[in-house]
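Reading through the structure tokens given below for one structure.
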Amino acid sequence: MSFFESFRATRWLRTLNLVLQAILFTTFCGGLNYLALHYPSRFDLTSSRRYSLSPETLSYLRNLQRPVQIVVTVTEEQDTQVFADIRSLLKEYANAAAANEAGGRLAIEYLDIYQNRRKAEQYGIEQSNPLILFLSGDQRRVVTAGDLYRVVGSEKKDFRGEQAFTAAILDVSSPERKKIYFLTGHGEYRIDKVDPRNGLSALADELRLRNFAVDTLDVSFRRKVPEDAALVIVTAPQSVEPFVQEQLRQYLSNRAGRVILMLAPGLPHGLDDLLYDWGVMVDDDVIYDTSPEDVTEEGDLKIRCFAENHPIVQSLVDRQIALRVGPSRSVRPEPGRAQGSGLTLTTLAATSATAWGERSYRLRQTPVYNEGVDIKGIAQMEPKNRLGLAVASERVQARGNLPFSVRGGRLVVFGTADLVTNNRLQGAQGNYNLFFNAINWTVDRDTQLNLPPRPIEKFQLALSQQELLRLRYCLLLLVPGIAALLGIMVYWTRRS
């Protein structure tokens, strides 16, 4: 009998097989743990993306340069639901900041101010109300539990924690805040007005929340655009005088300035020379559309046609979000103007192919398209056979003997002024995204802006007495009966 046929050899082979299996299993588990530690990957399978941060927040955390410390004084005993929402959201921030290539980090600490009063005094926390404190250097900002929810009546509707936390991180981590001026003195919409139809108070609050400084600008009084202006916004101007127009032109061209124009239909704006310099045509018309799919019951236009691969509208394209626009005039690039002028012109949003620009809107008659009089989309210009509602113009050109191009000014022109009024901004997610994307693009904060509130999902199971009785019998009898039946079948099979 050979060695391999003996009992001892068989026993050694079995032992070696078991050892190899143990080594293989240990190596497999170790490899999985190594991959999980060094190459983690997480998937959010919820319909509302509850456990995912927005692209805007991820971009800010990726470029975070200064460390930020977050101190949470909300405890589980005070409010279980609020504490769970905060803790879950901050876990997402910690995971995103861990992959920060710039070296910025978030330090998160949960502090019970009653049990650790000395540390609370070191942070300067004196009030007993639950709060979240954001610290970076000598800058600090407080977010209260009441800032985290939109409450209707006594019921919490939306969780706005990401919006509040990202704004606080931007605020304390940025030593300087970019300043946005709103032009005044020509009948423009005002940021201190709360009127729902022509007030911009909600817009001003949103800009401050995003770490912008906001102020008004009367060029006739100051005689120039201030040096600290990162952006000038003009909403529904009426007959801007030539001196003010010239100051805006110099700001755009000579200082690589940034301007957003929102021109209301039916109002003479007085900015024709500025628009000509930047290759933008604004027609004196009002857009109408006969397609029921592109007009709401209130008569607003539903805009679904957007430019491809432009940061201002990319989030609307990706998420298939439509704009809701009131009365608007058509805006389009001047044909052939971009060639050789250093201008890059893009029609950001356009109507459907059935829309036209009514020139006889002042006659107050039923609008009907008149060929040769009214304005239609051109088949030779993109988007084909459609009227533009918003155009972006950027000047990029070589200067002097520099071997590379230097970016100049940026201009965004909207054919409507009510896009971000108080009632529009809060009621249409597309309008919200579009305008704040335009602000980010003009001030060189080229990130996708999308911080919608997270809906609070509630599920309630309502059963009648009969349904509840059936469920009880199923749990008490059906499930154990199935298990017993399977056991009997196994016993009978083995016995046979």
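Only the coordinates and a few stated rules stand behind these numbers; no lab work does. None of these values were measured; they are calculated from a predicted model. Here the Cβ is made from the backbone with ideal geometry for all residues, glycine too, and neighbour counts use every protein chain on show.
Figures for the structure shown
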{"read-out": "Which listed pairs, of Lys178/Lys384; Lys156/Lys302; Lys193/Lys384, have C-alpha distances above 32 Å, in listed order", "value": "Lys178/Lys384; Lys193/Lys384"}
{"read-out": "Segment Tyr276-Leu16, length gained on full extension (0.36 nm per residue, minus Cα span)", "value": "85.1 nm"}
{"read-out": "Three semi-axes of the equivalent ellipsoid, segment 191-442, Cα gyration tensor, whole Å, largest first", "value": "27, 22, 19"}
{"read-out": "Ranked Phe243, Phe306, criterion: other C-beta atoms within 10 Å, fewest first", "value": "Phe243, Phe306"}
{"read-out": "Spin-label model distance (nm) - Thr27 vs Gln65, 7 Å beyond Cα toward Cβ", "value": "4.8"}
{"read-out": "Inter-site label distance for Leu35 and Asp228 at 7 Å from Cα along Cβ, in nm", "value": "5.4"}
{"read-out": "Extension reserve of the Cys474-Lys156 stretch, reckoned as 0.36 nm per residue once the Cα distance is removed", "value": "110.9 nm"}
{"read-out": "Ranked list, fewest to most other Cβ atoms within 10 Å of each Cβ, for Cys305, Cys29", "value": "Cys29, Cys305"}
{"read-out": "Pair Arg140, Gln466: separation of 7 Å Cα→Cβ label points (nm)", "value": "6.4"}
{"read-out": "Residues His269, His186, His310, sorted so that the one with the fewest Cβ neighbours within 10 Å comes first", "value": "His310, His186, His269"}
{"read-out": "Modelled FRET efficiency - R0 56 Å, Asn95 with Phe221, Cβ distances, 0.05 increments", "value": "0.65"}
{"read-out": "Signed unit charges on C-beta, dipole axis of segment 55-171, positive-most listed residue Val142, Gly161, Ser59", "value": "Ser59"}
{"read-out": "Net charge dipole size for segment 55-171 [Lys, Arg +1 and Asp, Glu -1 on Cβ; Debye, nearest 20]", "value": "220"}
{"read-out": "Set of aspartates and glutamates with alpha-carbon distance to Lys119 below 14 Å, sequence-local pairs under 8 removed", "value": "Glu109"}
